[in-house]
1. Compute the semi-axes of the equivalent ellipsoid of the range B:130-237, taking the square root of 5 times each eigenvalue of the Cα gyration tensor, and list them largest first in whole Å.
2. Give the average, rounded to an integer, of partner chain Cβ atoms located within 10 angstrom of each Cβ in A:318-328.
3. Using only the Cα atoms of the range A:205-360, each taken as one equal point scatterer with no solvent, compute I(q) by the Debye sum, divide by I(0), and report log10 of the ratio at q = 0.16 Å⁻¹.
4. Along Cα-to-Cβ, 7 Å out, sits the label point; list in nm, shortest first, how far the one on residue A:73 is from those in the other copies.
5. Going by Cα centres, the range B:96-117 and the range B:143-196 are how many Å apart?
6. Return, for the Cα atoms of the range B:165-226, the radius of gyration and Dmax in Å, separated by a comma.
7. Exposure proxy check: A:389, A:212 ranked by fewest other beta carbons within 10 Å?
8. Could you tell me what percent of the DSSP beta bridges with both partners in the protein assembly as shown are antiparallel, to the nearest 5?
There are 2 protein chains.
Amino acid sequence: MSQAVRHDAMRARNLALVLGEVGARGAVTRAALAEITGLTKTTVSKLVGDLIEGGLVVETGAVRDGERGRPGVEIRISGRSVAALGLEVNVDYLSVCVVDLARTVRLRRTQAVDNRAAPPVDSIARLGNLAANVVDEAVEKGLRVVGGVLAVPGPVDRTTGDVRNAPNLGWRDVPLASLLRHFPFPVRVENEANLAALGELWFGSGLPDFLHVSGEIGIGAGLVVRGRLFRGAHGFAGELGHVVVAPDGPQCRCGGRGCLEQYAGQDALLAAAGGVRGQLGVGQVAQRLREGDEKARDACERAAWALGVALSSAINLVDPGAIVLGGIYAPLFRWIGDVVGDTLRARLGQMRGTVPPVIVSRLGAEAAALGAAGQVIEQVMADPAALLHT
Amino acid sequence: MSQAVRHDAMRARNLALVLGEVGARGAVTRAALAEITGLTKTTVSKLVGDLIEGGLVVETGAVRDGERGRPGVEIRISGRSVAALGLEVNVDYLSVCVVDLARTVRLRRTQAVDNRAAPPVDSIARLGNLAANVVDEAVEKGLRVVGGVLAVPGPVDRTTGDVRNAPNLGWRDVPLASLLRHFPFPVRVENEANLAALGELWFGSGLPDFLHVSGEIGIGAGLVVRGRLFRGAHGFAGELGHVVVAPDGPQCRCGGRGCLEQYAGQDALLAAAGGVRGQLGVGQVAQRLREGDEKARDACERAAWALGVALSSAINLVDPGAIVLGGIYAPLFRWIGDVVGDTLRARLGQMRGTVPPVIVSRLGAEAAALGAAGQVIEQVMADPAALLHT
DNA sequence: CGAATTAGTCTATGTTGTGGACTAAATATT
DNA sequence: AATATTTAGTCCACAACATAGACTAATTCG
């Protein structure tokens, strides 16, 4: 519910407005900020003063742009004080990163571990260590880590922050509170597919509207509309893997039949490409494709067709601005992108003038960890006043 | 983009906050409002004073609740001053209504016309007349009509307000500006499925989260999340009719195959129920069903199964809080509701703890016109200051 | 009937943004 | 080279709005 607006809330909003404009434009003078925001020069000066004092922005010297008149002083987001921690547990690796307020990745560590084999407690402890080291390093660099978000591959209970069920990890009711309380700043938990989409938003293509598809063992999707994540009524939106491709298709572990996952999930794709389960990785499939392996090519085509079918349903329902393929689809994009696009055009082209473009994510496995850190940064950008007064 | 907050914006927001609280609770005293909103009694008194002066709320006498202390004076939304016009063009009828700020329907007129047969200009003129009469009557009742929204069955260009293509009506590039400028208040155009969903939100079940399915010739859906309509990147979200049921199913007019519309659209349903096209209405099908007609029953079952399949994809993607069936599915609900529910449970039950309930819309053909008027009311509630200062 | 209690108003005060005057620092003009 | 013009940023008096607490009003309890 929206809250009452008092003087402090007014100030908080205007601070966020100015900070957001600085972030969006990279470097702006106070005078330009006044014109953009509609606030007076006086007010902008005061707001910028507070932001500088809080270390959120810095003056970067006068601009000599050849225009006449006194040159303005450019203001930029400061990357030297506030930072955020991103954490990720996934099936076969752990990853942490520290991102500063200017959205520069300052530190990152990835550790290959089979988290299905290890008990959850061990994985959590290992991640905790990794993160503690990275945070120490960040502090040495003069950064102030103000928050963290942990990405887990499965639905997260939005109220408690616990993981109810992460089938890919084999986790069930894992209480993450112990890990999260380990730090001197708040740490939240969030679904990995959602965070990968946000990673793409803040560190990838820069598009404000898209559906990001994370192909892994399951297939998740994160919908970003006008720069904001769509979560649905309970926070479970984006289960693209169980969208129907063929209602009488192969049995799926979800209880349904013919779900996308059975055609384009990692296991289905690898099996169709001719690997014994667990013996073949996506990297090797890409290698075989480069060598012209027909079985691998057919497997990709089938997966891409199914992905196109499921995405055509998704586009009809949620009308995304673009489709971004990530996860295992990124390395395979050369062999699936066109088939997906063709399938979409065949099913949607007549109805809509334009079909959303299908593009590949340039972010690798770190997408979710980046999105996690980015979410903290976003929170600071949305309410800088919260940081200034404490 | 969020705007700068000045004193007037602060006031505007607090006015909206107070008005919204009055609307949500039906009747509240100033003292209760102060406690609810966190504003001081002084401020609430001033805000309420302005709202009373503007005719948006009224005092309805002291409450004698048996508690000790001075009794408070209850404030309610006033239905006696501000009102909104809802208009709807559909395939076989025109409909207009006037709704007051208390969301009471004050006037409504429906006219059966075959708008496919008539040229668009005639339909528009007829609707204009109908609306002008109703507005006159409203004015006689002392109401001040502050805005209107027109519902059309097809995608609307959000920027110009023109209808690009309404296949069910046979309309193409119909410029509605002439009709819309006819009134001394602004009139916008909006998609009928979206407005039907909003009608359900404000005049129906009262749920804040649901997917409303408008079964007509096409099948549209409107997604409401936390009391707000989800539109997607271009405003074309909710095309449930072209969600894939079977990728190699019957050819659809959209260019795809096996779209939901081919199984559960009005034409498909009536054809399967044994009618020659145009000879049988939904009402008669319901009659036959009551009489135990097997062909009609099988047709409904097949449509319901397909609807369940498509909805399971939709639920996986957008995670709605409930499914509300409207349009032609409302009179047929007795014969399709269970099959839809069973299909959903079979496909989703294992994955999610609970499957969204499938309920029937209690609103009839007026859903969209009500939603249209409701949208104007909502706008007033969201920014009452805009009305007060002019 | 007076004490206690709650509703609502009134007045002085504080916080924030505004608008215009003012100072500062550059380029253009003479 | 000196002066005018232009733009950036600061300063100060003022206005808008919310706050806090005193005050008045209207009720129930004892």
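Nothing in this text is a laboratory measurement; each read-out follows from the coordinates by a stated rule. Because the structure is a prediction, the values reported are computed rather than measured. Note: ideal-geometry Cβ built from the backbone for every residue, glycine included; neighbour counts use all protein chains shown.
1. 24, 20, 12
2. Averaged over the peptide's residues, the number is 3.
3. -0.86
4. From this label point to the equivalent ones elsewhere in the assembly: 5.4 nm.
5. 14 Å
6. Cα only, the range B:165-226: 14.2, 36 Å (Rg, Dmax).
7. A:389, A:212
8. Bridges in the protein assembly as shown that DSSP calls antiparallel: roughly 65 percent.
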